1. Where the second residue is assigned to a helix (DSSP H, G or I) and the first is aliphatic (A, V, I, L, M) and lies in region 14-32, which pairs have Cβ atoms under 6 Å and are six or more apart or on separate chains?
2. Taking the stated definitions as given, is Trp149 closer than 18 Å to Leu98 by Cβ and part of a loop (DSSP other than H, G, I, E, B)?
3. What do you reckon, is Ala101 touching a Cys at 6+ places or on another chain (Cβ under 9 Å), modelled with pLDDT of 95 or more and under 13 Å from Ala116 (Cβ atoms)?
4. Among the residues of region 174-193, write down those that are hydrophobic (A, V, I, L, M, F, W, C), in contact (Cβ under 8 Å) with a residue 12 or more places away in the chain, more than 18 Å from Asn112 (Cβ to Cβ) and in a loop (DSSP other than H, G, I, E, B).
5. Name the one entry in Glu100, Glu169 that is free of Cβ contacts under 8 Å to residues at least 24 places away in the same chain, assigned to a loop (DSSP other than H, G, I, E, B) and over 14 Å from the mean Cα position of the chain (by Cα).
6. Being in contact with a Lys or Arg (Cβ under 8 Å, 6 or more places away or on another chain), of a type outside the set (S, T, N, Q), in a loop (DSSP other than H, G, I, E, B) and surrounded by fewer than 23 Cβ atoms within 10 Å (Cβ to Cβ): is that true of Asp35 here?
7. Looking only at region 146-179, which residues are touching a Phe, Trp or Tyr at 6+ places or on another chain (Cβ under 8 Å), closer than 23 Å to Asp90 by Cβ and surrounded by fewer than 18 Cβ atoms within 10 Å (Cβ to Cβ)?
8. Please find, among Leu78, Leu83, the residue that is crowded, with 21+ Cβ neighbours inside 10 Å, hydrophobic (A, V, I, L, M, F, W, C) and out of contact with any His (no Cβ under 8 Å at 6 or more places or on another chain).
Amino acid sequence: MSEKHEENRSNWTVDDWTKYAKAGNKDLKDAYLRDADLDGANLGDADLEGAYLVGANLRSANLDGANLKGAYLRGANLWGACLRRANLGDADLRGANLKEAHLYGANLEDANLKGANLRFADLRRANLWFGYLERADLVGADLWGANLWGANLKEAYLWRANLEGADLEAADLEGADLQGHDLDNLRMRVAGF
């Protein structure tokens, strides 16, 4: 891309942004990548704050340490993506596929994960403070040591999820599928005891 074209990124197409991202560029703030194919892309430490990635394919992408604060990832495919230490605060991940995603230590504070597929995801030590996880599928997810303080987990599927050491104080678990969990222990942790 020419320097002139690069200066006026507001006119870039999805193809322009996709080529730019695949070339290893890290400045992707407010990028328009709707339905972009970034399967396996290396976007580690990239700045994707406010990026529009609705319906994008980021399967197996490396987003380790990436800044996705306020990004729009509704319906995006992040199956098996590496999002360790990524900042997803305030991100819109409604209906996103995060199956088997690696989110160790990721920040998902105030993120909207309504109806997201997080089956078998690694969410150890993730920050989901006031996260919106209504009807999220967390079957088999590892939430060891995760911060779920004040999280909305209404009707979430938590069957076989590892909640050991997770902070569930003030979390809303109304109607959640907690099959296989010690419900008395969970009630005490939600109440802050």
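The values are calculated or read from the model by the stated rules, or taken from the named source; none is laboratory data. The structure presented is a predicted model; accordingly, all values stated were derived computationally and were not measured. Note: ideal-geometry Cβ built from the backbone for every residue, glycine included; neighbour counts use all protein chains shown.
1. Partner pairs satisfying both residue conditions: Leu28/Ala21; Ala31/Trp17.
2. Numbers: closer than 18 Å to Leu98 by Cβ: no; part of a loop (DSSP other than H, G, I, E, B): yes.
Against the criterion (closer than 18 Å to Leu98 by Cβ and part of a loop (DSSP other than H, G, I, E, B)), Trp149 does not qualify.
3. On the way: touching a Cys at 6+ places or on another chain (Cβ under 9 Å): yes; modelled with pLDDT of 95 or more: yes; under 13 Å from Ala116 (Cβ atoms): yes.
Against the criterion (touching a Cys at 6+ places or on another chain (Cβ under 9 Å), modelled with pLDDT of 95 or more and under 13 Å from Ala116 (Cβ atoms)), Ala101 qualifies.
4. Keep residues of region 174-193 that are hydrophobic (A, V, I, L, M, F, W, C), which gives 176, 178, 183, 186, 188, 190-191, 193.
Then keep just the ones that are in contact (Cβ under 8 Å) with a residue 12 or more places away in the chain; that gives 176, 178, 186, 190-191.
Narrowing the set further to residues that are more than 18 Å from Asn112 (Cβ to Cβ) leaves 178, 186, 190-191.
Matches in region 174-193: Leu178 only.
5. On the way: Glu100 fails: over 14 Å from the mean Cα position of the chain (by Cα).
Exactly one of Glu100, Glu169 is free of Cβ contacts under 8 Å to residues at least 24 places away in the same chain, assigned to a loop (DSSP other than H, G, I, E, B) and over 14 Å from the mean Cα position of the chain (by Cα), namely Glu169.
6. On the way: in contact with a Lys or Arg (Cβ under 8 Å, 6 or more places away or on another chain): no; of a type outside the set (S, T, N, Q): yes; in a loop (DSSP other than H, G, I, E, B): yes; surrounded by fewer than 23 Cβ atoms within 10 Å (Cβ to Cβ): yes.
For Asp35, the condition - in contact with a Lys or Arg (Cβ under 8 Å, 6 or more places away or on another chain), of a type outside the set (S, T, N, Q), in a loop (DSSP other than H, G, I, E, B) and surrounded by fewer than 23 Cβ atoms within 10 Å (Cβ to Cβ) - is not met.
7. Once the filter is applied, which keeps residues that are touching a Phe, Trp or Tyr at 6+ places or on another chain (Cβ under 8 Å), closer than 23 Å to Asp90 by Cβ and surrounded by fewer than 18 Cβ atoms within 10 Å (Cβ to Cβ), region 146-179 yields Gly150, Glu169, Ala170.
8. Details: Leu83 fails: out of contact with any His (no Cβ under 8 Å at 6 or more places or on another chain).
Just one listed residue meets the conditions, Leu78.
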